[in-house]
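The values are calculated or read from the model by the stated rules, or taken from the named source; none is laboratory data. For clarity, every value in this text was computed on a predicted model and none was experimentally measured. Here Cβ is always computed from backbone atoms with ideal geometry, including for glycine, and neighbour counts include all displayed protein chains. To get the accessible areas, we keep the full protein, side chains included, count just its heavy atoms, and leave off ligands, DNA and RNA. Shrake-Rupley method; radii C 1.70, N 1.55, O 1.52, S 1.80 Å.
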Amino acid sequence: QVQLVESGGGLVQPGGSLRLSCAPSGNIGLIKAWGWYRQAPGKQRELVAIITSVGLKNYADSAKGRFTISRDNSKNTVALQMNDLKPEDTAVYYCNVAQLFGTDYWGKGTLVTVSA
């Protein structure tokens, strides 16, 4: 079964940067959109950024101006560049693939901790 594998999480100081990456372990059908979500302790999972198959992007208000989602079609991967990180960005970040036909795929998550 195809899995999404995230990487790039870790501990960073406030104001620092991290780059998350996500790649499928196998072939996925037609993709409608790639997305990054996050879940902080005690909170619901929320959308951070999404990029559609035609390159349209959308960001949560909290991510606008600081985060950038991008995809590499040749490698079938998606990345999330996070700059000017804040303690409130601390969460487990999940990669998501929405297929045009079929169920979504989710990664297991990568922990981002922003702390001095």
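For region 59-104, the set of residues classified as modelled with pLDDT of 95 or more and among the aromatic types (F, W, Y) consists of Y59, F67, Y93, Y94, listed by residue number. Within region 58-88, the set of residues being open to solvent by less than 50 Å² (accessible area, probe 1.4 Å) and of a type in the set (V, I, T) comprises I69, T77, V78. Take the residues of region 15-27 that are in contact with a strand residue (DSSP E or B) (Cβ under 6 Å, 6 or more places away or on another chain) and of a type outside the set (S, T, Y): which is most open to solvent (accessible area, probe 1.4 Å)? Per the stated criteria, the residue is R19. Note on region 37-57: residues that are farther than 21 Å from N27 by Cβ, surrounded by 15 or more Cβ atoms within 10 Å (Cβ to Cβ) and under 11 Å from the mean Cα position of the chain (by Cα) total 5. For L47, the conditions (1) assigned to a strand (DSSP E or B); (2) in contact (Cβ under 8 Å) with a residue 24 or more places away in the chain are fulfilled apart from (2).
Here is a yes/no grid of residues against (1) charged (D, E, K, R); (2) within 18 Å of T110 (Cβ to Cβ):
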{"site": "L20", "(1), (2)": "no, yes"}
{"site": "I31", "(1), (2)": "no, no"}
{"site": "K43", "(1), (2)": "yes, yes"}
{"site": "K64", "(1), (2)": "yes, no"}
{"site": "S70", "(1), (2)": "no, yes"}
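The set of residues in region 58-116 that are of a type in the set (A, V, I, L, M, F, W, C), in a loop (DSSP other than H, G, I, E, B) and within 14 Å of the chain's Cα centre (by Cα) comprises A60, A63. For region 49-74, the tally of residues that are over 17 Å from L4 (Cα atoms) and aliphatic (A, V, I, L, M) stands at 4.
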